[in-house]
Amino acid sequence: MRRPERVELDPIDHSILNILELDARASYTSIGQRVGLSTPSVIERVRKLEERGVIRGYRAEIDYCKAGFPIHAFIWIKQDKYYYGIPKQINDMEKVYSFWMVSGYYDYLLEVFLQDSNELNDLLEDLYRIGRTYTMLILNKLKNDSIVGGDVFAGRPFLPKEAEECP
C-alpha cells in the first residue's frame, strides 16, 4: 500500500490550519485579517489544502457524556491468531468510535463511547473472539484534542515533501 506524499506547507498555511483547528467556523475574512491575506487569497489557500488532503473535513466537538455516552474508553487488542478481515470486522462494530492498527505488543487500539457498563461488557465479549484485550476507562480529559492549536509547527523546520511520507 502506497502512502500519500507529504504536502509542502508554508508558515501562512500553518497559521490557517491553526485557526481552523481551533474554530472550523471561522470566516475567510477573519482568517485573512489574522494572517495578513485578502479574503480571496484565503479561500484559494483553504481550497488547495482541501484538494491536497491536508484538510480532510470539518467537525463539531461533541460532549459525549452530555449526549448520553458517559463511558469513554480505550481498548487495546492483541490478536491471538491471524485471520483475514479483522479491520473490517472492527470497523463494522457500531460501538467503536475510532480505531488504529498499531505497532508493539498490541495490534489494535480502539476508542469507544458507551452508555453503560453493560454495553462495555457486550463489546468486550465480541472483541474476545479476536484476541486478548486491555481496557482503560477515561476518568478526566486533561488536554484539548487540538494538535495544531498548540502551534505544533512552531520552531520546526519546513521539510521538503519528499523528506518523509505520511502514514
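Just a yes or no: is a residue in the range 58-67 outside any loop (DSSP other than H, G, I, E, B) and of a type in the set (Gly, Ala, Ser)?
Restricting attention to the range 58-67, the residues satisfying the condition of being outside any loop (DSSP other than H, G, I, E, B) are none.
Taking every residue of the range 58-67 in turn, none turns out to be outside any loop (DSSP other than H, G, I, E, B) and of a type in the set (Gly, Ala, Ser).
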**OP:** Would you please name the residue that is least open to solvent (accessible area, probe 1.4 Å), looking only at residues in the range 37-62 that are touching a Gly at 6+ places or on another chain (Cβ under 8 Å) and β-branched (Val, Ile, Thr)?
**Re:** VAL42
**OP:** Determine whether the range 98-117 contains at least one residue that is more than 25 Å from LEU139 (Cα to Cα) and in contact (Cβ under 8 Å) with a residue 12 or more places away in the chain.
**Re:** no
**OP:** Test each condition in (1) open to solvent by 30 Å² or more (accessible area, probe 1.4 Å); (2) within 30 Å of LYS141 (Cβ to Cβ); (3) among the small types (Gly, Ala, Ser) for ALA73 and report the one that comes out false.
**Re:** (1)
Original post:
Counting just the residues of the range 78-97 that are in contact (Cβ under 8 Å) with a residue 40 or more places away in the chain and assigned to a helix (DSSP H, G or I), which one comes out surrounded by the fewest Cβ atoms within 10 Å (Cβ to Cβ)?
Top reply: GLN89
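Can you tell me which residue among LEU159, LEU109 is aliphatic (A, V, I, L, M), more than 20 Å from PRO70 (Cβ to Cβ), modelled with pLDDT of 95 or more and not in a helix (DSSP H, G or I)?
Values: LEU159 fails: modelled with pLDDT of 95 or more.
Step by step, each of LEU159, LEU109 is checked, and only LEU109 is aliphatic (A, V, I, L, M), more than 20 Å from PRO70 (Cβ to Cβ), modelled with pLDDT of 95 or more and not in a helix (DSSP H, G or I).
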**OP:** Give ILE12, ILE31 a once-over and let me know the one that is without any contact (Cβ under 8 Å) to a residue 24 or more places away in the chain and under 27 Å from LYS143 (Cβ atoms).
**Re:** ILE31
**OP:** Name the single residue, out of those in the range 1-36 being touching a helix residue (DSSP H, G or I) at 6+ places or on another chain (Cβ under 9 Å) and part of a loop (DSSP other than H, G, I, E, B), that is surrounded by the most Cβ atoms within 10 Å (Cβ to Cβ).
**Re:** LEU9
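The values are calculated or read from the model by the stated rules, or taken from the named source; none is laboratory data. Being a predicted model, the structure only gives us computed values, none of them experimental. Virtual Cβ from ideal backbone geometry, glycine too; neighbours counted across all protein chains shown. Each accessible area value is taken on the protein alone, full model and side chains, heavy atoms only, with ligands, DNA and RNA left out. Shrake-Rupley method; radii C 1.70, N 1.55, O 1.52, S 1.80 Å.
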